[in-house]
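Below you'll find the structure, written out as C-alpha cells, and then a few comments.
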Amino acid sequence: MGAAGGAFLACTILMSIAGAMNGWAMTAPRIFFAQARDGMFLPAFGRVHPQYRTPYISILLFGVWSAFLALTGTYETLASYAMYAAWIFYGLTSLGVLILRRRLPDVPRPYRMWGYPVTLLLFVAVTFGFVLNTLIATPGLAIAGTLLIATGAPVYWLTVGRAHGRLRRVHPAESDVV
C-alpha cells in the first residue's frame, strides 16, 4: 500500500495509543482511590472533590507521576519497565491461585480451568522465564524495575500497619465518586 498504507497504519496506532492512555488515565487514579478507601493506601488518595465528585488527589498525583516518567525516560525504557513488572505480577497472581486452591479446597469454583494445575504451572514457568531472561539480558533495567516496585512495599506496610484493625469497606451504594 506504499506511503499511504504506512501513514494509515501509523495513524491507527496513534489512535490506539491515545485510547489506551485515556482508559488508563481514567482507571488508574480510581484504583488508588479504592485502595485508600479500603485502608490499603495513603488516606489522602481517598479524598473526593466537593464539586466534581472525582478522586482529585489521586488524579493529580497520577498525572504528576506520569509526567515525571515521560520526561525522564524513553518510550522503550518505560515499556520495558511496565512489561517486566507486569510479568512479575502475572506470575505471582498465578502462584496465588495455586496457593489459595490448595489452602481452600472446599470453596465453590464456578469456573474450572482446562488442564489445571498443569496449564497454570506451565504459565507460571513461562512468566518466571520472561523475568529471568530480563534479569540476564538487561540486568540494569531489571534491577531498577525491581527497586521501583520495592518502593511500594514500605508505603503499603506503613499504610496497612496504621489501618490495621480499622479497615473500612465502602459498599458500592455508598460510593460518591463519578
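Quick notes
- Residue satisfying all of: in the range 58-104; at pLDDT below 90 and not in a helix (DSSP H, G or I); farthest from residue 48 (Cα to Cα) among these: 74
- Take the conditions (1) free of Cβ contacts under 8 Å to residues at least 40 places away in the same chain; (2) assigned to a loop (DSSP other than H, G, I, E, B); (3) within 19 Å of the chain's Cα centre (by Cα); residue 41 misses just one of them, which is (1).
- Restricted to the range 130-176, and to residues there that are of a type in the set (Val, Ile, Thr) and farther than 30 Å from residue 79 by Cβ, the residue that is modelled with the highest pLDDT is 160.
- Here residue 131 fulfils each of the conditions (1) surrounded by 11 or more Cβ atoms within 10 Å (Cβ to Cβ); (2) within 25 Å of residue 30 (Cβ to Cβ) apart from (2).
- Within the span defined as the range 101-110, every residue fails to be within 30 Å of residue 130 (Cβ to Cβ), surrounded by fewer than 11 Cβ atoms within 10 Å (Cβ to Cβ), outside the structural domain of residue 133 (by TED's automatic domain parsing) and among the hydrophobic types (A, V, I, L, M, F, W, C).
A quick yes/no check of all residues on (1) closer than 22 Å to residue 159 by Cα; (2) under 18 Å from the mean Cα position of the chain (by Cα):
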residue	(1), (2)
33	yes, yes
37	yes, yes
47	yes, no
60	yes, yes
84	no, yes
87	no, yes
100	no, no
105	no, no
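- Here residue 114 fulfils each of the conditions (1) closer than 29 Å to residue 159 by Cα; (2) outside any helix (DSSP H, G or I) apart from (1).
- Test: residue in the range 9-23 that is surrounded by 10 or more Cβ atoms within 10 Å (Cβ to Cβ) and either outside any helix (DSSP H, G or I) or of a type in the set (Phe, Trp, Tyr) (or both): no
- Residue identified as at pLDDT 90 or above and not in a helix (DSSP H, G or I) among 127, 54: 54
- The set of residues in the range 33-43 being among the aliphatic types (A, V, I, L, M) and at pLDDT 90 or above consists of 34 alone.
The values are calculated or read from the model by the stated rules, or taken from the named source; none is laboratory data. This is a predicted model, so every value here is computed, not measured. Here the Cβ is made from the backbone with ideal geometry for all residues, glycine too, and neighbour counts use every protein chain on show.
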